[in-house]
1. If you check Glu21, Glu64, Glu56, Glu48, which single one turns out to be over 30 Å from Glu233 (Cα atoms) and within 16 Å of the ligand (Cβ to nearest atom)?
2. Looking at the range 215-228, can you tell me whether even one residue there is open to solvent by less than 60 Å² (accessible area, probe 1.4 Å), of a type outside the set (Asp, Glu), modelled with pLDDT under 95 and at positive phi?
3. Residues of the range 116-157 being small (Gly, Ala, Ser), open to solvent by 10 Å² or more (accessible area, probe 1.4 Å) and not in a loop (DSSP other than H, G, I, E, B), which ones?
4. Got a number for residues in the range 297-311 being crowded, with 20+ Cβ neighbours inside 10 Å, within 10 Å of the ligand (Cβ to nearest atom) and farther than 23 Å from Lys68 by Cα?
5. Please find, within the range 25-46, the residue that is most open to solvent (accessible area, probe 1.4 Å) out of those that are touching a Phe, Trp or Tyr at 6+ places or on another chain (Cβ under 8 Å) and modelled with pLDDT of 95 or more.
6. Answer with yes or no whether Asn171 is of a type outside the set (Ser, Thr, Tyr), assigned to a helix (DSSP H, G or I), surrounded by 15 or more Cβ atoms within 10 Å (Cβ to Cβ) and touching a residue at least 40 places away in the same chain (Cβ under 8 Å).
7. Give just the number: which of (1) small (Gly, Ala, Ser); (2) within 16 Å of the ligand (Cβ to nearest atom); (3) open to solvent by 50 Å² or more (accessible area, probe 1.4 Å) does Ser237 not satisfy?
8. Within the range 175-202, take every residue that is touching a helix residue (DSSP H, G or I) at 6+ places or on another chain (Cβ under 7 Å) and at pLDDT 95 or above and give me the one that is surrounded by the most Cβ atoms within 10 Å (Cβ to Cβ).
Amino acid sequence: MGFNETLRDFRLLPLKSIGIEILQVNLGYRCNMACKHCHVQAGSAREEMMARGTVEQVIAVLKESRIKTLDLTGGAPELSPHFRYLIRTARELGCHVMVRSNLTILFEEGMEDLADFLRQAEVEIIASLPSYREDGVDRVRGKETFRKSIQALKILNRLGFGTHSTTLKLNLVYNPQGAFLPPAQSAIEEEYKRALGGNFGITFDRLYTFVNMPIGRFREFLIRTNAFEKYMERLTSAFNRETINGIMCRHLLNIGWDGRVYDCDFNQMMGLPVQRNYPQHIKDFEYELLQRREITFGDHCFGCSAGQGST
Ligand code: SF4
């Protein structure tokens with residue numbers, strides 16, 4: 001049974017968003033890395049990047065709407081030439097800014113003062129670290145990634161991120177290194193805190209667990225290894241109705257690098273924009289319409305509702 005049929009069975013359709021707490025903006029698909037699980041299929045050769053005019057439209061929405069949190073993603077959002085301008089402006093407007101970082105970006109050319117900039121702007125960092133072991137990280141994200149990630153976390157700690165500061169939050173993201181569901185968030189957070197603290201003296205605020213979505217490079221991997229159907233069965237049978245209130249599309253709106261409007265970053269990658277009766281581009285943004293929009297679902301959504309859900 002598909003995701004829409006499952007929701008119908010539970011009498012949950014039509015399912016609407018319940019506000020827009022977060023404007024999630026994808027600044028482009030370019031990245032200094034090419035991780036195996038990347039749902040964006042990001043990489044150094046990708047040319048899709050948000051233009052300055054679209055960035056101005058994002059700022060106009062922040063000015064005019066009640067949205068108080070900006071969530072920057074990519075690719076590596078730091079590679080956008082408008083990254084710092086957008087953050088500075090959003091902060092001046094009183095917005096909280098979150099940046100999804102791969103950590104290794106701190107060591108790219110031209111990024112020498114990036115960590116300092118993030119500290120001054122009091123940005124919340126959400127950093128991918130799929131394991132606290134070297135082999136677990138390097139297998140999925142490329143050689144040397146673990147070493148660089150540890151180095152980056154130490155730099156961020158020295159600047160005050162992840163040290164129980166109220167303004168400099170550092171959260172990590174765990175996702176499984178294969179076709180299985182993540183363990184309970186609280187248990188693995190404790191494991192991470194013990195391992196990173198004990199081995200490297202690193203501290204952080206929260207660990208979020210994400211399910212690997214059956215899209216992008218991970219989907220290709222599943223198909224290549226004949227594991228796609230089995231993984232989908234695993235996600236389907238782990239459907240948890242209790243997760244539906246918290247799924248992120250009910251609380252955020254996603255903007256693509258070209259200004260198109262989506263229910264979430266996963267739908268963006270699936271080429272599924274918001275339904276046709278809602279504004280399709282950020283230039284036509286209407287808060288009242290979009291905050292109560294009917295959400296578009298597909299079978300990949302089982303990834304958000306499996307087990308304890310993806311936060
Ligand atoms: S993948 Fe589906 S359930 Fe998950 S946030 Fe996007 S639309 Fe919502």
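The values are calculated or read from the model by the stated rules, or taken from the named source; none is laboratory data. From a predicted model like this one, the values you see are computed outputs, not experimental measurements. As a convention, Cβ positions derive from the backbone with ideal geometry for all residues, glycine included, and neighbour counts pool all protein chains shown. Accessible surface areas use protein heavy atoms only, side chains included; no ligands, DNA or RNA. Shrake-Rupley method; radii C 1.70, N 1.55, O 1.52, S 1.80 Å.
1. Glu21
2. Yes, the range 215-228 has at least one match.
3. Of everything in the range 116-157, those that are small (Gly, Ala, Ser), open to solvent by 10 Å² or more (accessible area, probe 1.4 Å) and not in a loop (DSSP other than H, G, I, E, B) turn out to be Ala121, Ser128.
4. The total comes to 8.
5. Among residues in the range 25-46 that are touching a Phe, Trp or Tyr at 6+ places or on another chain (Cβ under 8 Å) and modelled with pLDDT of 95 or more, the one most open to solvent (accessible area, probe 1.4 Å) is Arg46.
6. For Asn171, the condition - of a type outside the set (Ser, Thr, Tyr), assigned to a helix (DSSP H, G or I), surrounded by 15 or more Cβ atoms within 10 Å (Cβ to Cβ) and touching a residue at least 40 places away in the same chain (Cβ under 8 Å) - is not met.
7. (2)
8. The selected residue is Ile202.
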